[in-house]
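Encoded as structure tokens, the structure appears first; notes follow it.
The numbers here are math on the coordinates, done by the rules we state, and not lab data. The structure presented is a predicted model; accordingly, all values stated were derived computationally and were not measured. No Cβ is skipped: glycine too gets one built from the backbone with ideal geometry, and neighbour counts run over all protein chains shown.
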Amino acid sequence: MNHAFPCGTLPLDFVGTLRARRNEEPTEKLATPELLDDWFVESKMLDLAPGASEVDLAIAIDLRESIYDLVAARLDGKPLPTDAVAELNLQASGKPVTLRLGPDGTTRTGTVSQGLAALAREAVEILGGDDGALLRECSRPECTQVYLDRSRGHRREWCAMKTCGNRVKAAAYRARQHATQD
Ligand SMILES: [Zn+2]
């Protein structure tokens with residue numbers, strides 16, 4: 001697997017393909033069209049690689065950054081940036097992924113723009129619906145992953161316990177050990 005899906009929400013996992021956004025050099029997980037193909041297959045949005053081009057990749061990154069700008073505005077309680085709203089709505093108006101029923105079950109195929117349209121529509125539902133109030137950013141400062149907090153009492157602190165939660169807890173433990181030794 002080249003990609004991670006910690007959020008349980010594909011548009012936010014997609015936003016997370018630019019990791020450590022506040023670092024001087026964030027980690028770009030969609031550096032090539034092939035990595036975008038892998039994302040669609042690994043996320044199970046599409047059964048087959050859509051054969052992304054450089055242009056597709058640029059359009060995908062436009063969508064990703066528009067979703068991030070909108071989520072960041074929601075988190076800061078600021079008005080939604082109009083250019084990001086326009087980009088999201090434009091991509092959401094694309095053709096849906098092709099679902100077919102066959103002898104072996106369902107197949108999902110489509111082009112990059114069909115996959116992006118599905119992501120954009122899901123993002124519209126998150127940002128425009130009740131889920132918008134559940135948006136959070138991971139508490140590990142370098143991480144910058146955004147997610148929906150569906151936990152009881154809304155106390156989820158990390159994008160994923162397995163990665164960020166454990167790393168922060170291990171660091172806190174080491175700090176305490178250090179303090180008692182001094
Ligand atoms: Zn995290």
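So here's what we get for this one:
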| read-out | value |
| --- | --- |
| Lys/Arg +1, Asp/Glu -1 at C-beta; the chain dipole; positive extreme among L10, C159, G51 | C159 |
| Rounded to 10°, Cα long-axis angle of helix 33-42 versus longest principal axis of the chain | 80 |
| Space enclosed by the convex hull of the alpha-carbon atoms of the chain, per residue, Å³ | 160 |
| Model label zone, N166; criterion: amide N under 17 Å from point 7 Å along Cα-to-beta-carbon; scope the range 1-40 | 4-7 |
| Cβ-based exposure ranking for S151, S43, in which fewest neighbours within 10 Å come first | S151, S43 |
| Angle in degrees between helix 82-92 and the longest Cα principal axis of the chain, rounded to the nearest 10 | 50 |
| Computed over the chain: relative contact order in percent, which uses C-alpha pairs under 8 Å that are six or more apart | 22 |
| Assigned charges on the beta-carbon of Lys, Arg, Asp, Glu; the range 10-181 dipole about Cα centre (debye) | 1120 |
| In degrees, nearest ten, helix 112-128 long axis to first principal axis of the chain (Cα) | 50 |
| The range 1-32-the range 105-182 distance, computed between alpha-carbon centres (Å) | 11 |
| Cross-link partners of K169 among lysines (Cα-Cα below 27 Å; sequence separation of 8 or more within a chain) | K29 |
| Hydrodynamic radius (Kirkwood) for the range 55-95, which is based on Cα pairs only, to one decimal in Å | 10.5 |
| Segment S151-D130, extension gain: residue separation times 0.36 nm, minus the distance between their alpha carbons | 6.1 nm |
| Cysteines in the chain that, by Cβ-Cβ distance, have no pairing candidate under 4.7 Å | C7, C164 |
| Spin-label zone in the range 119-136 - amide nitrogen under 17 Å from a point set 7 Å from the Cα of L99 along the C-beta vector | 119-123, 125 |
